[in-house]
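Okay, so here's the structure we're looking at.
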Amino acid sequence: KLLAALKNEIIGQDDVLKDIADSFDTADAGFREKHKPRYIGLFLGPKGVGKTLTAKILAFIKLGNRASFTRIDCQLLSEEHTVSKLIGSPAGYVGHKDTVPWLAQENIDKYSNPDSGLSKKRGAVAQAKEFLEKIDTATLAILEYKLFTDQKEKTAGEDEKIDQMLLYNLEKRRKVLILLDTLEKSIPKGTGERPLSILLFDEIEKAHKKIFNALLGVFEEGQMQMSSGDITYFNNTIIIMTSNAGSKIMSELLYEKKKIIGFAGETSKAKKDLDLEIYEKAIGAAKEIFPPEFLDRCDRISVFRPLSKESLSAIFDIELRNFVETHTNPLFVKLDLAPEVKNFVVGEATDHPGNGARLLNKKIYKYLRKQLTRLKNRGELHMGDTIHVLLDSNDPKKPKLEFYREPADDLTPFLIEAGIGTDDGEIKPTLNENGDFISPDDPEPNI
């Protein structure tokens, strides 16, 4: 069911998704080296074609939440010294114990299988360590006072009280150490089967070359040692890396051949030639950035294809459906778009095909969401209303969308039953076939 679920959300990438699903079939069957990551994928291709979204959908399918993965923003790893963000600063550096390395086990397992309680155990371990550090700090301060304060400045019997405080702290420290040891033993370690986790390196081409070398051990051995000496295990981790390598060249190519992706059929020779050219440029750009041994250790190098006009149209339907389910349905407001509205918005998004679905989302916001937001903020969206969106194309150079409110529709019986509406007869539509308002005395329009 993995392939079907991916295709339902990721549009226009069927070949890539089948390749990804096949890789997971192999891993799920257990035909993999147990000590290595469950899956290592490098996703290449133009911007806005679904690379990062694929990671989110996999997180939803595997762990039940689109946000259930650890994301590493590789823009923050562009300098050589930033490798310390992944594994921690060497001992001796100021504050080397104050921050948790990005690839520490607790970060990798943070979103893994919430039912296992692993994240709670790791949180308890962190709290115990923090409490232990506070006890040690307080104990050291008491010892300093006891040893280095002039006896003349102390009151009678103060040393005895200090000794009692030290004994109390040491006993408390002993109990915390026992608790900490129990908690740490309950957390799986080593190359045994760990809970499933997902790790995303976003825009990995922006990371320093030293980062690529540091990851080789993760890919080959499934583990990495932190500066503290702790070892992080990745033997049940899905590792996804996205890259816009060569995106500028691809964007120029797509803009030059936008008629192909806009109107040619999916099986046309021109479309296949464009896909092949995109693939070659993406792989060529990747070989210039990443070392050969880095690319060789990837299970899959997937090149996402540019989105055709048909794909953008399907994405428009998904985005509109999500908006309606999330925002207008809870208001009991129905949204009715004329077919030419969709064609207009999608057409606006194909002017710069190199931006993929991101440009489409911007156009949806500009022409639809922003206007509906204004209507809601002005109090013009009422329960039972239908908002008709029409395209005014009288001026071909400057077509625009027009919004009309029709009070009540087939939701009226439900509203009446809920005690919200009135039962004084059917409420007539207030728009004619041209989208103009009509008076109650006019004959019933045919919309």
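Taken together, the values in this text are just the output of simple stated rules run on the coordinates, not laboratory data. Please read these numbers as outputs of a predicted model, since none were measured by experiment. Please note: Cβ atoms are built from the backbone with ideal geometry, for glycine as well, and neighbour counts cover all protein chains shown.
Summarising the label geometry, the points placed 7 Å from Cα in the beta-carbon direction at Asp296 and Phe31 lie 2.3 nm from one another. How big is D for the stretch 264-405, in µm² s⁻¹ as a whole number, if Stokes-Einstein is applied with the Kirkwood radius of its Cα pairs at 37 °C and 0.692 mPa s? For these conditions, the coefficient is 183 µm²/s. Straight-line cross-link reach from Lys269 at under 21 Å between alpha-carbon atoms covers these lysines, not counting any fewer than eight positions away in the same chain: Lys257, Lys258, Lys259, Lys281, Lys309. Efficiency by 1/(1 + (r/R0)^6): what FRET value for Ile318 and Leu3, r their Cβ-Cβ distance, R0 = 25 Å, to the nearest 0.05? That pair, Ile318 with Leu3, gives E of 0.90.
Assuming R0 = 60 Å, can you tell me the calculated FRET efficiency for the pair Ser78 and Arg405, based on Cβ-Cβ distance, to the nearest 0.05? Efficiency for this residue pair is about 0.75. Based on every Cα atom in the stretch 133-247, Rg and the maximum pairwise Cα distance Dmax equal 24.3, 77 Å. In this structure the amide hydrogen of Ile198, modeled in the peptide plane, comes within under 5 Å of the amide hydrogens of Thr70, Ile238, none closer than 5 places in sequence on its chain. Remark: the Lys129-Lys248 segment gains 38.1 nm on full extension, using 0.36 nm per residue and subtracting the alpha carbon distance. Checked against a 31 Å cut-off, the cross-linked pairs Lys56/Lys206; Lys370/Lys397; Lys36/Lys134; Lys209/Lys366; Lys34/Lys185 give Cα-Cα distances beyond that limit for Lys36/Lys134; Lys209/Lys366. Taking label points 7 Å from Cα along the Cα-to-Cβ direction, His327 and Lys185 give a separation of 5.5 nm. Using a cut-off of 28 Å between Cα atoms, the listed pairs Lys110/Lys210; Lys62/Lys120; Lys1/Lys287 include Lys1/Lys287 as exceeding that distance.
For Lys172 and Glu221, a Förster radius of 51 Å and the Cβ-Cβ distance give a FRET efficiency of 0.80, rounded to the nearest 0.05. Inter-label distance, Asp395 to Asp163: 9.4 nm, where each label sits 7 Å from its Cα along the C-beta direction.
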